[in-house]
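J.: One structure, pasted below without further comment.
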Amino acid sequence: QVQLVESGGGLVQAGGSLRVSCAASGSTFSRYAVGWFRQAPGKEREFVAAVSWSGISTLYADTVKGRFTISRDNGKNTVYMQMNSLKPEDTAVYYCAAEQSWTIRTIQDSYKYWGQGTQVTVSS
């Protein structure tokens, strides 16, 4: 079992950058694939990015490809997502999720463990 805590959200102007973090505790984090998802007001939660247990493989939603970068430091039990060139449409609550898996995952139903989320607001 693993517990996840997101941090790093906030308010930023369009074109700016933020780095959100997902800190894990309670299990061997290096065995877990991790994903970031987001939910905007009035919309369903959607996939943003994912990283494999080793950090070698990554996947991104088309809407963030080239702007967001996911990475992980297994020694610190933390996954990061650097978000650059932010747009107002990136405004959402960002959640990290983890699942014990050797393969990368993009489907939210395949993740068992979720954090509480961190708010990212991008002003125009």
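The values are calculated or read from the model by the stated rules, or taken from the named source; none is laboratory data. This is a predicted model, so every value here is computed, not measured. Heads up, the Cβs are rebuilt from the backbone with ideal geometry, glycines too, and the neighbour counts pull from every protein chain shown. Accessible surface is based on the protein model in full, side chains and every heavy atom, while ligands, DNA and RNA are left aside. Shrake-Rupley method; radii C 1.70, N 1.55, O 1.52, S 1.80 Å.
J.: How much area per residue is accessible in the stretch 5-44 when the probe is 1.4 Å and only protein heavy atoms are counted (Å²)?
T.: Working: 1990 Å² over 40 residues.
Here the per-residue accessible area is 50 Å².
J.: Which residue, I104, I70, I56, tops the fluctuation ranking in a GNM of the chain built on C-alpha contacts under 10 Å?
T.: Of I104, I70, I56, the Gaussian network model singles out I56 as fluctuating most.
J.: Relative to the compact-globule scaling 2.2 N^0.38 Å, provide the ratio for the alpha-carbon radius of gyration of the chain. Walk me through the intermediate numbers first.
T.: On the way: Rg = 13.3 Å, N = 124, 2.2 N^0.38 = 13.7 Å.
Ratio of Rg to 2.2 N^0.38 Å for the chain: 0.97.
J.: Right, something else. Run the numbers on the chain and let me know its relative contact order in percent, using alpha-carbon pairs under 8 Å that are six or more apart. Before the final figure, lay out the partial values.
T.: Details: 323 pairs, mean separation 45.7, N = 124.
Once divided by the residue count of the chain, the mean separation gives 37 percent.
J.: Considering only G16, G55, G35, give the residue with the highest GNM mean-square fluctuation for the chain, with springs between Cα atoms whenever their separation is below 10 Å.
T.: G16
J.: Also: Determine the share of the chain's accessible area contributed by carbon and sulfur atoms, expressed in whole percent, with a 1.4 angstrom probe. The partial results should precede the final answer.
T.: Working: 2920 of 6290 Å².
Accessible surface attributable to carbon and sulfur in the chain totals 47 percent.
J.: For the stretch 52-103, what is the charge dipole size about the Cα centre, in debye to the nearest 20, if Lys and Arg each add +1 at the Cβ and Asp and Glu each add -1 at the Cβ?
T.: Charge dipole, the stretch 52-103, about its Cα centre: 140 debye, nearest 20.
J.: Using a 1.4 angstrom probe with every protein chain in place, what is the largest-first accessible-area order of L86, L59? Write down the numbers at each step before the final one.
T.: On the way: L86 5, L59 75 Å².
Largest accessible area first, the residues go L59, L86.
J.: Top mean-square fluctuation among S52, S71, S17, Gaussian network model of the chain, C-alpha springs under 10 Å?
T.: Fluctuation is largest for S17.
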